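Report on the following structure.
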Amino acid sequence: MKKLLGVGLVALFVSQQVVLAGAATVNEAEKIYNNKLYTMERFESTDVNEDGFLSKAELQGEQLWFENYKEGKRFQMADKDGDGQLSLDEVKAQKQWEKQNRDALEKQALEELRTKHPGITDADLVWLEGHPKVAKALVKNAQWLEGHPKVAEAIYADKKWLAAHPEVAKAAYANRVYLNNHPEVAKKIYHYREFLNSHPAVAIEVYKNRVYLNNHPEVAKAVYANRDWLYNHPKVAQAAYANRYWLNQHPGVAKQLYRQRRWLVAHPKVAKELFRNRAFLAKHPKLSKYLYKNRNKIMKNKKAIKRAYRKHKKNN
């Protein structure tokens, strides 16, 4: 699968002084990321009517580069001139503002933590594990993680301690900026299935990280193979179905997920993600024919949903 460098609005916002793996600074990584993500070619591929702007209708069909602009609030913030459509310059300006805003918030949060807990300046793993509330705040902070690489890797590697502190683990898994910059760390914790199966609130953060999964199909394949567990955790499954790009690149996996028709009847919110994936359905007419024929039943029939759910629980 062609490597994907970005989906939506993942903020790469650590300071210039921090050095990533290799010699590139974070600012250099941001430049590469933005150049790859916000190109005129990709903008024009979304601009269906070729008028040089992205309308709300065009964004509804977007499933990769500009999909997060579907959200009303973000669309309104980016639409500086209020004309109801977005130019490429407006999209880039909104992205830059979000990075600067999040950078400032991270810096402020880190300063407040240092004032309240002076020990974090020279904190090691032992100190952090003795202060889980502080550890939770720090694993949310990409600036701190990048500035303390050995301690950061040690936190993510201590699976037993994370299992005993699921709130810290959730924050660690939710820090997509850090994990996307350190795929070797992400790969290790994403394969920790026993822990994830016991903590669905943490597991959902794995499926939400579409940037990493789309960049590492071998990891994503293992994550999506955990289907029996997914079927028992619809909120997590909803995030899995929402990654339309990866599913469209792996139709064999998608077909297996989409064929759980009775289960989909019991979970209309998940089914909604299925019907949003128009690109996949268009390429698989036999499957889409059945699904569209029964869409009212799948999405609206509460009695059918209850019956299917009882059968699903009985069979599982």
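Quick notes on this one:
- Where a residue in the range 224-243 is in contact (Cβ under 8 Å) with a residue 40 or more places away in the chain and its partner, wherever it lies, is assigned to a helix (DSSP H, G or I), with Cβ under 6 Å and at least six apart: Y231/W263
- Residue that is farthest from H233 (Cα to Cα), among those in the range 157-177 that are touching a Leu at 6+ places or on another chain (Cβ under 8 Å) and at pLDDT 90 or above: D158
- Test result for L162, surrounded by 22 or more Cβ atoms within 10 Å (Cβ to Cβ), of a type outside the set (S, T, Y) and either more than 20 Å from D124 (Cα to Cα) or in contact with a Gly (Cβ under 9 Å, 6 or more places away or on another chain) (or both): no
- Residue count for the range 122-146, restricted to those that are of a type in the set (G, A, S) and not in a loop (DSSP other than H, G, I, E, B): 3.
- Subset tally (residues that are over 12 Å from V236 (Cα atoms) and either charged (D, E, K, R) or modelled with pLDDT of 90 or more (or both)) for the range 199-213: 1
- For the range 147-178, the tally of residues that are assigned to a helix (DSSP H, G or I) and either more than 16 Å from E106 (Cβ to Cβ) or free of Cβ contacts under 8 Å to residues at least 24 places away in the same chain (or both) stands at 20.
The values are calculated or read from the model by the stated rules, or taken from the named source; none is laboratory data. Predicted model only: the values in this text are computed from it and were never measured. Counting neighbours? That spans all protein chains shown, and the Cβs are built from the backbone with ideal geometry, glycine included.
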